[in-house]
Amino acid sequence: MMTIFRMIGRGIRDAFKSVFRNFSLSLASISCITITLVIVAISIIASFNVENFAKKIESDLTIVVFMENNADEKEVDNAKKEIERMDNIDSYKFESKNRVKDEMSKQSDVFDAVMKEWDDESNPLRDTFQIKVKDVEKIKTTAKQLKKMDKVAVVRYGEGMVDKLINTFSSVEKVAYGVVIALVIVTIFLIINTIKLTIFSRKREISIMRLVGASNFSIKTPFIIEGMVLGLIGSIIPVILTTFGYLTFYKHFDGYLFTQIIELIKPEPFIYYASGLVVIIGILVGMIGSAGAVRKYLKV
């Protein structure tokens, strides 16, 4: 165990030496990682905010069920029980037609003058259910189930607009995640090629290590750690831009983008999570790129 720790410690030392010894190649790798991670950071911030906005919109989506005007109390109770048995129902709020009448009467003297003449029989308003669903992607199916209930007159949830909204958010999220994945893959290949050049410039050193009986692990470890170090250094600028850039952006727009409907994620603790994710991606990209170069080029 102590031998392994010594080899890892030596690998870390050699990795840092190599970064400075091959400064021009290391700078190229770091620059490549930095540029990529800046774009990745922007994509992460955008995708998380889109997802947050989508969830807020989805949580506000409501199915409104209007009962037939002649539905009696027993039939309304039956409707409540049927709604409660449905799988995709998260919560519901019931408003009787008399309550709706009272609420509307308070809003205007004109409404009050007209509606005070209505009794239970002449009240043209309808009992309504305002329903929240668990999964908005199944909202259309749920609305159809509600429509089939006895004494239901109309079901509304903003049909066409809601469907388009859900599809749009889903597409934007997929594009954002796709961009992040594509950038990471491109960076890995660039790191592989850069590390290959570093390895080529150290062929003599590697040959000597093999001649003296160095194990594959001891040869590969410095290169893999070197890739991790390059990834860590390359993530410094993106982390600074992510932290201070998002704080400035959030304050400039007062937490909203163009309209108060589009609310941005609060900076804390979001910027710490985003920065941590950028650092992890940078380290993994450098490590995977180095490991790939070692495996393909050294054949050890």
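Within segment 218-273, count every residue that is of a type in the set (D, E, K, R), farther than 20 Å from Ser31 by Cβ and in a helix (DSSP H, G or I).
3
Between residues in segment 132-150 that are of a type in the set (Phe, Trp, Tyr) and residues that are at pLDDT 80 or above and assigned to a helix (DSSP H, G or I), which pairs lie under 7 Å by C-beta distance while being six or more apart or on different chains?
Nothing qualifies.
Can you tell me which residue is modelled with the highest pLDDT among those in segment 127-147 that are assigned to a loop (DSSP other than H, G, I, E, B) and open to solvent by less than 90 Å² (accessible area, probe 1.4 Å)?
Among those residues, the one meeting the criterion is Asp127.
Which one is farthest from the chain's Cα centre (by Cα) among residues in segment 82-109 that are acidic (Asp, Glu) and open to solvent by 50 Å² or more (accessible area, probe 1.4 Å)?
The residue in question is Asp109.
Failed condition for Lys93, given (1) modelled with pLDDT of 80 or more; (2) basic (Lys, Arg); (3) not in a strand (DSSP E or B), with all others met?
The failed condition is (3).
For (1) at pLDDT 80 or above; (2) open to solvent by 20 Å² or more (accessible area, probe 1.4 Å), each residue gets a yes or a no:
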{"site": "Ile206", "(1), (2)": "no, no"}
{"site": "Phe244", "(1), (2)": "yes, yes"}
{"site": "Thr259", "(1), (2)": "no, yes"}
{"site": "Ile262", "(1), (2)": "no, yes"}
{"site": "Leu277", "(1), (2)": "yes, yes"}
{"site": "Ile288", "(1), (2)": "no, yes"}
{"site": "Val294", "(1), (2)": "no, no"}
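Name the residues in segment 28-62 that are β-branched (Val, Ile, Thr), more than 15 Å from Glu173 (Cα to Cα) and assigned to a helix (DSSP H, G or I), would you?
Ile30, Ile33, Thr34, Ile35, Thr36, Val38, Ile39 - these are the residues of segment 28-62 that are β-branched (Val, Ile, Thr), more than 15 Å from Glu173 (Cα to Cα) and assigned to a helix (DSSP H, G or I).
Out of the residues in segment 34-57 that are open to solvent by less than 30 Å² (accessible area, probe 1.4 Å), of a type in the set (S, T, N, Q) and within 8 Å of the chain's Cα centre (by Cα), state the one that is nearest to Leu230 (Cα to Cα).
Per the criteria, the residue is Ser47.
Going by the structure shown, is Ala71 crowded, with 17+ Cβ neighbours inside 10 Å, of a type in the set (A, V, I, L, M, F, W, C) and modelled with pLDDT under 85?
Judged against the criteria, Ala71 is a match.
On the given criteria, is Val300 at pLDDT below 80, of a type outside the set (D, E, K, R) and in a helix (DSSP H, G or I)?
So Val300 fails the test.
The values are calculated or read from the model by the stated rules, or taken from the named source; none is laboratory data. This is a predicted model, so every value here is computed, not measured. Here Cβ is always computed from backbone atoms with ideal geometry, including for glycine, and neighbour counts include all displayed protein chains. In case anyone asks, the SASA skips ligands and DNA or RNA and just uses the protein heavy atoms, side chains included. Shrake-Rupley method; radii C 1.70, N 1.55, O 1.52, S 1.80 Å.
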